[in-house]
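Asker: Before we start, here is the structure in question, set down as structure tokens.
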Amino acid sequence: MALMTGAQYIESLRKLGTQVYLFGRKEPNWIDHPIVKPSINCVAATYDLAHEPEHEDLATATSNLSGRKINRFSHLHMSQDDLVKKVKMQRLLGRKTASCFQRCVGMDAFNAVYSTTYECDQKHGTSYHESFKKYMIYIQDNDLMVDGAMTDPKGDRGKSHSQQTDPDLFVRIVERRPDGIVVRGAKAHQTGSINSHEHLVMPTQSVGEGDKDYAVCFAVPSDSPGLFMIYGRQASDTRKLEPGADVDLGNKKFGGQEALVVFDNVFVPNHRIFMCGEYDFAGMLVERFAGYHRQSYGGCKVGVGDVIIGAAALAAEYGGADKASHIKDKLIEMTHLNETLYSCGIACSSEGCPTAAGNYQIDMLLANVCKQNVTRFPYEIVRIAEDIAGGLMVTMPSELDFKSELKVPTASNLSLGEWCDKFFAGVDGVPTENRMRVLRFLENICLGSAAVGYRTESMHGAGSPQAQRIMIARQGDIEAKKQLAKDIAGIKE
């Protein structure tokens with residue numbers, strides 16, 4: 001099958017029987033639902049990018065498995081150049097959508113599972129790697145979107161998997177059959193889950209021998225029997241349900257999406273199982289996926305940051321403050337922070353090295369440094385954007401007020417819309433609506449539904465800040481640094 005277009009991708013979702021629940025009811029036509037549609041549009045952009053000749057080198061690649069041209073989102077990184085192009089592609093898409101385009105988790109899962117299954121087979125004599133290679137060819141040839149599912153609900157964080165009062169708080173094997181396994185549990189905060197054709201499930205933490213039923217990795221279609229999803233709420237999401245909503249939405253076309261994915265006795269056939277109790281490799285898979293995904297944030301969040309900087313500059317221009325020295329300095333600071341994030345994404349890619357399986361892995365220390373910065377810098381970028389935008393960003397009347405022709409019974413006899421247009425005008429020559437649009441856009445990015453895909457996700461996506469600090473401590477090699485100091489200082493023990 002040729003590379004899908006965005007329109008073909010959307011139509012492919014209609015062929016699935018995915019079960020989606022939203023606002024307490026089953027949503028039969030979730031694909032066209034106003035709250036869901038922007039996130040689907042965002043994924044469609046990843047498909048359309050592959051058809052733009054000027055971006056072909058970034059958006060497509062040659063499969064190491066089949067030799068065919070594929071979408072880079074289903075590619076296995078085979079060089080440092082592949083790792084760098086991944087980050088550049090993500091920044092480009094962030095610029096185009098100003099949102100979360102959702103396919104990164106699947107791409108990062110592919111690469112982590114590919115190398116981990118190879119090493120697992122080497123130790124245990126299993127055949128997961130060959131099964132996974134066949135699965136990857138299927139995904140690449142059909143240009144499918146896959147949800148990389150790692151995060152479990154976890155329940156009581158002070159207890160291990162099997163110690164939980166409810167054992168389903170981590171995905172687990174509940175039955176082993178000659179032809180496969182049956183799994184139960186859930187994956188939380190799943191980016192792009194309902195918009196995916198498939199789910200590639202991984203363990204969420206290292207486990208010991210007593211919890212080996214939780215050391216499971218597998219792939220299933222999104223419409224598998226027993227699998228359903230509960231859509232996650234976002235700030236200001238019901239604005240999308242307002243008749244004729246446009247300006248008040250901020251980013252009308254694109255958006256992100258998260259959901260709880262529930263597995264209630266879902267059957268997985270043997271050829272789609274990539275780990276089944278090999279608990280000694282659960283930690284490797286988690287760390288490798290996390291590393292790839294932390295690299296991703298040096299691209300996607302930077303692209304969205306580019307748009308935020310532009311919107312803040314526009315807000316200042318429309319308000320007549322763009323020539324002020326403090327505004328210029330704030331835009332410089334935003335740019336400095338954003339480019340620092342990008343530098344980390346490029347650095348951990350450029351320092352990548354091959355795994356035993358042959359695909360390339362990022363530099364783990366630098367990837368975790370990248371994500372640690374992402375937990376901080378976007379918050380400062382947003383703070384400065386709010387500073388530049390001013391209080392009007394959160395106190396402005398609604399779009400309906402601006403469009404209202406209702407006459408206000410006063411001496412001037414102006415309509416409600418005319419009063420709004422009069423008092424919220426900025427510099428001469430710029431329509432009040434343009435000023436309103438950029439401020440609503442910033443509100444959406446900083447506080448609304450887009451904040452899920454930028455600000456809040458920058459904190460918790462790909463693991464909490466503490467998770468990165470743990471990895472930085474492991475990778476930092478303090479003992480070697482102490483020896484450097486001893487050698488230069490002439491300390492002999």
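Asker: Based on this model, can you work out whether Ser115 counts as of a type in the set (Ser, Thr, Tyr) and either under 30 Å from Gly6 (Cβ atoms) or modelled with pLDDT under 95 (or both)?
Answerer: Details: of a type in the set (Ser, Thr, Tyr): yes; either under 30 Å from Gly6 (Cβ atoms) or modelled with pLDDT under 95 (or both): no.
Spelling it out, it is not the case that Ser115 is of a type in the set (Ser, Thr, Tyr) and either under 30 Å from Gly6 (Cβ atoms) or modelled with pLDDT under 95 (or both).
Asker: What single numbered condition from (1) more than 16 Å from Val268 (Cβ to Cβ); (2) in contact with a Lys or Arg (Cβ under 7 Å, 6 or more places away or on another chain); (3) not small (Gly, Ala, Ser) fails to hold for Tyr214?
Answerer: (1)
Asker: Tally up the residues in segment 155-182 that are closer than 29 Å to Glu457 by Cβ and touching a residue at least 60 places away in the same chain (Cβ under 8 Å), please.
Answerer: 1
Asker: Among the numbered conditions (1) open to solvent by 30 Å² or more (accessible area, probe 1.4 Å); (2) of a type in the set (Gly, Ala, Ser); (3) outside any loop (DSSP other than H, G, I, E, B), tell me where Ala316 comes up short.
Answerer: (1)
Asker: When both residues are 6+ apart or on different chains and their Cβ atoms are under 7 Å apart, which pairs have a first residue that lies in segment 246-270 and is under 22 Å from Phe23 (Cβ atoms), and a second that is basic (Lys, Arg) and modelled with pLDDT of 95 or more?
Answerer: The qualifying pairs are Asp248/Arg239; Asp248/Arg440; Leu249/Arg239; Leu249/Lys240; Gly250/Arg440; Val261/Lys187; Asp264/Arg184.
Asker: Show the residue pairs that are 6+ apart or on different chains and have beta-carbon atoms under 7 Å apart, the first residue being within segment 16-29 and over 17 Å from Arg233 (Cβ atoms), the second being of a type in the set (Phe, Trp, Tyr).
Answerer: From residues that are over 17 Å from Arg233 (Cβ atoms), the pairs are Gln19/Phe228.
Asker: With segment 155-240 as the region, which strands (runs of 3 or more DSSP E) entirely inside it contain at least 1 residues that are open to solvent by 10 Å² or more (accessible area, probe 1.4 Å)?
Answerer: On the way: elements: 172-177, 180-187, 198-201, 216-221, 227-231.
Where strands (runs of 3 or more DSSP E) fall fully within segment 155-240 and carry at least 1 residues being open to solvent by 10 Å² or more (accessible area, probe 1.4 Å), they are 172-177, 180-187, 216-221, 227-231.
Asker: Another question about this same structure. Gln122 versus (1) open to solvent by 10 Å² or more (accessible area, probe 1.4 Å); (2) closer than 30 Å to Ile308 by Cα; (3) in a helix (DSSP H, G or I): which is the lone unmet condition?
Answerer: Of the numbered conditions (1) open to solvent by 10 Å² or more (accessible area, probe 1.4 Å); (2) closer than 30 Å to Ile308 by Cα; (3) in a helix (DSSP H, G or I), the odd one out for Gln122 is (2).
A quick yes/no check of all residues on (1) buried (at least 22 other Cβ atoms within 10 Å of the Cβ); (2) under 29 Å from Asn368 (Cα atoms); (3) in contact with a Phe, Trp or Tyr (Cβ under 6 Å, 6 or more places away or on another chain); (4) among the hydroxyl-bearing types (Ser, Thr, Tyr):
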{"site": "Gly256", "(1), (2), (3), (4)": "yes, yes, no, no"}
{"site": "Phe263", "(1), (2), (3), (4)": "yes, no, no, no"}
{"site": "His271", "(1), (2), (3), (4)": "no, no, no, no"}
{"site": "Phe289", "(1), (2), (3), (4)": "yes, yes, no, no"}
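Asker: Going by the structure shown, is Glu351 under 21 Å from Met284 (Cβ atoms) and charged (D, E, K, R)? Write out each step before concluding.
Answerer: Numbers: under 21 Å from Met284 (Cβ atoms): yes; charged (D, E, K, R): yes.
When the stated conditions are applied, Glu351 passes them.
Asker: Additional query: Is one or more of the residues making up segment 311-326 out of contact with any helix residue (DSSP H, G or I) (no Cβ under 8 Å at 6 or more places or on another chain), farther than 30 Å from His75 by Cα, touching a residue at least 40 places away in the same chain (Cβ under 8 Å) and not hydrophobic (A, V, I, L, M, F, W, C)? Give the steps one after another, and end with the answer.
Answerer: First, pick out the residues of segment 311-326 that are out of contact with any helix residue (DSSP H, G or I) (no Cβ under 8 Å at 6 or more places or on another chain): 317, 320, 323, 325-326.
Right, trim to farther than 30 Å from His75 by Cα and you get 317, 320, 323, 325-326.
If we keep only those that are touching a residue at least 40 places away in the same chain (Cβ under 8 Å) as well, we get 317, 320.
Cutting the leftovers down to not hydrophobic (A, V, I, L, M, F, W, C) gives us 317, 320.
Yes, segment 311-326 contains a residue that is out of contact with any helix residue (DSSP H, G or I) (no Cβ under 8 Å at 6 or more places or on another chain), farther than 30 Å from His75 by Cα, touching a residue at least 40 places away in the same chain (Cβ under 8 Å) and not hydrophobic (A, V, I, L, M, F, W, C).
Asker: Take Val302 and decide whether it is more than 21 Å from Lys187 (Cα to Cα), open to solvent by 30 Å² or more (accessible area, probe 1.4 Å) and of a type in the set (A, V, I, L, M, F, W, C). Give the steps one after another, and end with the answer.
Answerer: Details: more than 21 Å from Lys187 (Cα to Cα): yes; open to solvent by 30 Å² or more (accessible area, probe 1.4 Å): no; of a type in the set (A, V, I, L, M, F, W, C): yes.
No: the conditions fail for Val302.
Asker: Any idea which of (1) within 28 Å of Lys252 (Cα to Cα); (2) surrounded by 15 or more Cβ atoms within 10 Å (Cβ to Cβ); (3) over 22 Å from the mean Cα position of the chain (by Cα) is the one Ala357 doesn't satisfy?
Answerer: Exception for Ala357: condition (1).
Asker: Of all residues in segment 359-387, which are assigned to a helix (DSSP H, G or I), among the hydrophobic types (A, V, I, L, M, F, W, C) and in contact (Cβ under 8 Å) with a residue 40 or more places away in the chain? I'd like the intermediate steps shown before the answer.
Answerer: Residues of segment 359-387 that are assigned to a helix (DSSP H, G or I), as a first pass: 364-374, 377-387.
Retained after the next criterion (residues that are among the hydrophobic types (A, V, I, L, M, F, W, C)): 364-367, 369-370, 374, 377, 381-382, 384-385.
Scanning segment 359-387 gives Met364, Leu365, Ala367, Val369, Cys370, Val374, Phe377, Ile381, Val382, Ile384, Ala385.
Asker: If Lys323 satisfies all but one of (1) assigned to a loop (DSSP other than H, G, I, E, B); (2) among the charged types (D, E, K, R); (3) open to solvent by less than 60 Å² (accessible area, probe 1.4 Å), what's the number of the condition it fails?
Answerer: It fails just one condition, (3).
Quick grid of which residues meet (1) among the charged types (D, E, K, R); (2) touching a Leu at 6+ places or on another chain (Cβ under 8 Å); (3) farther than 23 Å from Ile139 by Cα:
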| position | (1), (2), (3) |
| --- | --- |
| Ala219 | no, yes, no |
| Phe228 | no, no, no |
| Gln234 | no, no, yes |
| Gly255 | no, no, yes |
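Asker: Now, a different point. Checking Ser349 against (1) more than 23 Å from Ala451 (Cβ to Cβ); (2) touching a Cys at 6+ places or on another chain (Cβ under 9 Å); (3) surrounded by 20 or more Cβ atoms within 10 Å (Cβ to Cβ): exactly one of these is not met. Which one?
Answerer: So the condition that Ser349 fails would be (2).
Asker: Is one or more of the residues making up segment 262-275 closer than 28 Å to Ala44 by Cβ and within 22 Å of the chain's Cα centre (by Cα)? Working first, answer last.
Answerer: Applying the first criterion (closer than 28 Å to Ala44 by Cβ) to segment 262-275 yields 262-263, 266, 272.
Still in the list and also within 22 Å of the chain's Cα centre (by Cα): 262-263.
Yes, some residue in segment 262-275 is closer than 28 Å to Ala44 by Cβ and within 22 Å of the chain's Cα centre (by Cα).
Asker: Restricting to segment 127-154, and then to whatever is touching a residue at least 12 places away in the same chain (Cβ under 8 Å), open to solvent by 40 Å² or more (accessible area, probe 1.4 Å) and polar (S, T, N, Q), can you tell me which residue is farthest from Glu278 (Cα to Cα)?
Answerer: Going through the qualifying residues, I end up with Asn142.
Asker: Let me ask another. Do the conditions hold for Cys420, that is, is it in contact with a helix residue (DSSP H, G or I) (Cβ under 8 Å, 6 or more places away or on another chain) and modelled with pLDDT under 95? Show your work before the answer.
Answerer: Details: in contact with a helix residue (DSSP H, G or I) (Cβ under 8 Å, 6 or more places away or on another chain): yes; modelled with pLDDT under 95: no.
No, not satisfied.
Asker: Which members of segment 434-488 meet the condition of being charged (D, E, K, R), over 15 Å from Asn373 (Cβ atoms) and modelled with pLDDT of 95 or more?
Answerer: Here is the first cut: in segment 434-488, the residues charged (D, E, K, R) are 435, 437, 440, 443, 455, 457, 469, 474, 477, 479, 481-482, 486-487.
Narrowing further to those that are over 15 Å from Asn373 (Cβ atoms): 435, 437, 440, 443, 474, 477, 479, 481-482, 486-487.
Correct list: Arg435, Arg437, Arg440, Glu443, Asp477, Glu479, Lys481, Lys482, Lys486, Asp487.
Asker: If you don't mind, another one. Go through segment 241-254 and report how many residues are in contact with a helix residue (DSSP H, G or I) (Cβ under 7 Å, 6 or more places away or on another chain) and either crowded, with 18+ Cβ neighbours inside 10 Å or of a type in the set (A, V, I, L, M, F, W, C) (or both).
Answerer: The total comes to 7.
The values are calculated or read from the model by the stated rules, or taken from the named source; none is laboratory data. Quick caveat, the model's predicted, so the values are computed rather than measured. Virtual Cβ from ideal backbone geometry, glycine too; neighbours counted across all protein chains shown. Surface areas here come from the heavy atoms of the whole protein model, side chains and all, with no ligands, DNA or RNA. Shrake-Rupley method; radii C 1.70, N 1.55, O 1.52, S 1.80 Å.
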